[in-house]
Amino acid sequence: MEPSLAQRAISFMSEMNLPSAASPDQRKAALAQSISREVAAGGWRVESQSDYQAVLVKGKNTNHLLHLILTLITVFLWTPVWVVVTVLNQRKTVILTVDDYGNVLQQR
């Protein structure tokens, strides 16, 4: 008896060695590994995390009110320091997402 169209399609796809979807545990493990690598190597911190996505941030907000007061007290001598601190403390964000196949994608 000749195989059905569905059986032939399944056979064809298995011969092509297409990647299979990763299990939920594999996807979670891939995300956890990527998070730990970013935190350890780059000084990132986790702002939020779900099962398959995490938002990492680096940097902190500048206290502009404090720098304004210091600038006024020092008759604007503090202005260059304020500018440097603002530039160096820029907040950076990266979003890590795990697709159905266990690949971790980064959006900066």
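Every number here is computed from the coordinates shown, using simple stated rules; none is lab data. This one's a predicted model, so the numbers in the text were calculated from it and none came from an experiment. Using ideal geometry, Cβ is built from the backbone for each residue, glycine included, and neighbour counts are taken over all protein chains shown.
Ordering GLN107, GLY59, TRP78 by Cα displacement along the dipole of region 21-107 toward the positive end leaves TRP78 in first place; charges were set at the Cβ atoms of Lys, Arg (+1) and Asp, Glu (-1). Helical content alone sets the calculated 222 nm signal of the chain at -14500 deg cm²/dmol, taking -39,500 (n - 2.57) per DSSP H segment of four or more residues and averaging over every residue. Ordered by the count of other Cβ atoms within 10 Å of each Cβ, fewest first, LEU105, LEU56, LEU65 give LEU65, LEU105, LEU56.
Counting other Cβ atoms within 10 Å as a rough exposure proxy, the listed residues THR97, THR74 run THR74, THR97 from fewest neighbours to most. Principal axis extents of the Cα atoms in the chain, from largest to smallest and rounded to whole angstrom, are 94, 21, 20.
Sorted fewest first by neighbouring Cβ atoms within 10 angstrom, TYR52, TYR101 come out as TYR101, TYR52. The charge dipole of the chain, taken about its Cα centre with unit charges on the Cβ atoms of Lys, Arg (+1), Asp and Glu (-1) only, comes to about 620 debye.
Here the Kirkwood formula, the inverse mean of 1/r across different C-alpha pairs, assigns region 53-108 a hydrodynamic radius of 13.6 Å.
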